[in-house]
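Participant: Got a structure for you, questions after.
Every number here is computed from the coordinates shown, using simple stated rules; none is lab data. Keep in mind that what you see is a predicted model, and the values were worked out from it rather than measured. As a convention, Cβ positions derive from the backbone with ideal geometry for all residues, glycine included, and neighbour counts pool all protein chains shown.
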Amino acid sequence: MPNDLHTIQWFPGHMQKTRRLIKENLRNVNLVAEIVDARIPSASRNPELDEMLGQKPKMVLLNKCDLADERATRRWIAYYRAHGVPAIAIDAKSGKGLSQFVPAVHQALADYIQRRQKKGMSGYQIRVMVVGVPNVGKSSFINRIAGGKRAKVEDRPGVTRGKQWIRISEDLELLDMPGILWPKFEDQAVGEKLAFTGAIKDDIMDLEYIAMKLLDVLCQRYPDKLCERYKLTRQQLDGCDGGWEVLQLIGKKRGMLVAGGEVNTERAAITVIDEYRGQKIGRFTLEMPPDESAAPAPEGEAEL
């Protein structure tokens, strides 16, 4: 069984450079758009960012909404809006929800635009900085919103290494920043959730540990979907003592055995992680808003 004290940290040197780039370029933009993973909206937000931004206007884009629980996404949007932060749900790969982006930017900067117009300053330029953790979909978002491949896209963290300006229209430019984490995860569960979704490189982690912790969460939140995918009964699932035993059970069900009839837990772990990320198990949101008073958004309020 993997060590429960396993710790996850990944802060390459280029991320320190990104922190400096963000601070240095804030004065050059009107608004910051933070892209988060709709499956883990809290864990995929950089806790250092609010302090870095100060009073700079910001908005949140919940990307990969097609992989998340729709009802949970509506609740997250309601939560952000209740706290004065514009938020929209998008799927950068398919383009879903992207039609809301430009209107949301103009609405967030309505006071700025009105001041410019009152002064007779036509032809104003809006500049938006796009930030987010690695592999959250920043480049896919920019390429889709720009109508072509303007930024490098790969399904692995740590691809964008330098800032890039991308013109979207005559009055709107985006500044694409490299993905950035933070030096230390105070809550180890945050690092685990980032690992589940691929924000941290797989090759620096114990995948059996990650799969075990992922199964712990799925057993608590979505046991029926887990049973459906892996042909388990609720009695079998409830009889397991944690994610490690569930992983072994899945390995047996899939015939992932080695000499002596032992389960190849490494192979089973890779399968569980890949199928979770590929939406073969279901649409899951692994955390809910901290403010329980935030009611779910009415049907149709958010385009999901």
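Participant: What order, most packed first, do the peptides 134-141, 193-200 have when packing is the mean number of other Cβ atoms within 10 Å of each residue?
Facilitator: Per-residue mean Cβ counts within 10 Å order the peptides as 134-141, 193-200.
Participant: Quick one: what are the phi-derived ³J(HN,Hα) couplings along segment 219-228, Karplus 6.51/-1.76/1.60 with θ = phi - 60°, whole Hz, x for glycine and proline?
Facilitator: Listing the rounded values in order: 5, 6, 9, 9, x, 5, 5, 5, 4, 5 Hz.
Participant: Sticking with this structure for a sec: Considering only C-alpha atoms, what is the centroid distance from segment 50-90 to segment 187-242, in Å?
Facilitator: 25
Participant: Pairs to check: LYS201/LYS252; LYS231/LYS253; LYS231/LYS280. Give those whose C-alpha atoms are more than 18 Å from each other in this structure. The partial results should precede the final answer.
Facilitator: On the way: LYS201/LYS252 27 Å; LYS231/LYS253 8 Å; LYS231/LYS280 13 Å.
Pairs exceeding 18 Å: LYS201/LYS252.
Participant: Rank the residues ASP171, ASP274, ASP203 as a footprinting-exposure proxy: fewest other Cβ atoms within 10 Å of their Cβ go first.
Facilitator: Least crowded to most crowded, the residues run ASP203, ASP274, ASP171.
Participant: Do any of LYS56/LYS193; LYS23/LYS119; LYS64/LYS93; LYS23/LYS58; LYS193/LYS213; LYS58/LYS119 go past 20 Å between their Cα atoms, and which? Working shown, then result.
Facilitator: Numbers: LYS56/LYS193 28 Å; LYS23/LYS119 29 Å; LYS64/LYS93 8 Å; LYS23/LYS58 14 Å; LYS193/LYS213 9 Å; LYS58/LYS119 24 Å.
Correct reply: LYS56/LYS193; LYS23/LYS119; LYS58/LYS119.
Participant: Taking amide H positions as placed in the peptide plane 1.01 Å from N, state which residues far from LYS96 in sequence (5 or more) or on other chains have amide H under 5 Å from it.
Facilitator: ASP91
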